[in-house]
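See structure below.
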There are 2 protein chains.
Amino acid sequence: MNIIILGCGRMGSTMAIRLAREGHEVYVIDQEPDAFRRLRDFTGTTVLGNGLDPDVLKRAGIKRADAFVAVTNGDNRNITSVQIAKEIFNVPKVLARIYDPMRASAYETLGIPTICTTMIGAGLMTDFILGRAWGDVSSYCEILPD
Amino acid sequence: MNIIILGCGRMGSTMAIRLAREGHEVYVIDQEPDAFRRLRDFTGTTVLGNGLDPDVLKRAGIKRADAFVAVTNGDNRNITSVQIAKEIFNVPKVLARIYDPMRASAYETLGIPTICTTMIGAGLMTDFILGRAWGDVSSYCEILPD
């Protein structure tokens, strides 16, 4: 698959390395050149630029992308870029990481696939502290991606 | 249970509200007064101060705490505070949230219970993008808490 990852922080770089290792064609976009230092042993392509800029997205091959994942530190940026990928470039599979549980429920109503890592992490840690067995992931995630 | 949460960011406040709602006695520590604004409808106690300071921990009732969770934005701070809670105050159940997957594996060898939300999130998002069903949480978490 051709996969674009927007945001080369810890989450983005971890996904990029893993997906490239599995044989996928991976493009990682970030506006900070220093962010790419995290990509140790990465066999994909890095694209320097603003992920909301259609020209930058085109350089990352968005016209032939099968999937687009936004994992920058900004919820709004993630949501907006995913909407651009979906609505303008018709990328079949999109996903935005969201920190803010309050926003996540709003985006659900807009039909934008999001995953709220805060809700999942809080659920897992709560169960651990209370000595409860970990359940299925979907039990922690109020907003499930499509 | 008496539960102390260090760090009142999105993760900490989400856990605090949830645990208090379930009837637990919850103390939340943060050094930024503004952080407590996130605690809407919270019935527990807030403690302003540095979570590495034993006096602050005592104000949060650490001597009778059943559990201590560290979810500040600093991996080192989380690990250090959890070690203080465990080794100095003998808190039976401790857990540190870790962002950096590289550090997580080091802490595993030290026997410190950590949960690396980056690894879990990256695993879930990767599976979603590739169209694979979500597995058990432990399949995403290289470092499992004790």
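Derivation of every value follows stated rules applied to the coordinates shown; laboratory data play no part. Predicted model, so just to flag it, every value in this text is computed and none were measured. So basically every Cβ, Gly included, is an ideal-geometry build from the backbone, and we count neighbours across all protein chains shown.
Run the dipole for the stretch A:1-54 about the Cα centre, Lys and Arg Cβ at +1, Asp and Glu Cβ at -1, nothing else charged, and hand back the magnitude in debye, nearest 20.
260 debye
Send over the per residue convex hull volume for the protein assembly as shown, Cα only, as a whole number of Å³. Intermediate values should be presented prior to the final figure.
On the way: hull volume 35.8 nm³, N = 292.
Hull volume over Cα atoms, normalised by residue count, gives 123 Å³.
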- prompt: Which values of log₁₀ I(q)/I(0), to two decimal places, follow from the Debye formula for the stretch B:1-136 at q = 0.09, 0.10, 0.12, 0.19 Å⁻¹ with a uniform point scatterer at every Cα?
  reply: -0.28, -0.34, -0.48, -1.05
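Provide a whole-number value for the mean count of partner chain Cβ atoms within 10 Å of the Cβ atoms in peptide A:51-62. Kindly include the intermediate steps, with their values, before the conclusion.
Working: counts 0, 0, 0, 0, 0, 0, 0, 0, 0, 0, 0, 0.
Mean inter-chain Cβ contacts per residue within 10 Å come to 0.
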message: What do you get for the angle between helix B:117-129 and the principal long axis of chain B? Use alpha-carbon atoms, 0 to 90 degrees, nearest ten.
response: 30 degrees
- request: For the stretch B:8-106, run through the GluC sites (Glu not before Pro) and keep only the ones in DSSP coil with at most 13 other Cβ atoms within 10 Å of their Cβ.
  value: B:Glu22
field: Signed unit charges on C-beta, dipole axis of chain B, positive-most listed residue B:Thr80, B:Ala70, B:Thr14
entry: B:Thr14
field: Span from the the stretch B:71-146 Cα centroid across to the the stretch B:1-66 one, whole angstrom
entry: 20 Å
Exposure rule at most 14 other beta-carbon atoms within 10 Å, DSSP loop trypsin sites (Lys or Arg not before Pro): chain A longest free segment: A:41-131
query: Once you charge only the Cβ atoms, +1 for Lys and Arg and -1 for Asp and Glu, what is the size of the charge dipole of the protein assembly as shown about its Cα centre, to the nearest 20 debye?
result: 120 debye
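Taking R0 as 35 Å, what FRET efficiency do you get between A:Arg132 and A:Asn76 from their Cβ-Cβ distance, rounded to the nearest 0.05? Spell out each step's value before the answer.
Numbers: r = 34 Å, r/R0 = 0.97.
Plugging the Cβ-Cβ distance into 1/(1 + (r/R0)^6) gives 0.55.
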Signed unit charges on C-beta, dipole axis of the stretch B:1-134, positive-most listed residue B:Ile112, B:Met1, B:Leu52: B:Met1
message: With +1 on the Cβ of every Lys and Arg and -1 on the Cβ of every Asp and Glu, and nothing else charged, how large is the dipole of chain B about its Cα centre, in debye rounded to the nearest 20?
response: 340 debye
query: Where a ≥ b ≥ c are the square roots of the eigenvalues of the C-alpha gyration tensor, would you call the stretch A:75-130 rounded, which needs a/c under 1.5, or, failing that, prolate if a/b is larger than b/c, or oblate?
result: prolate
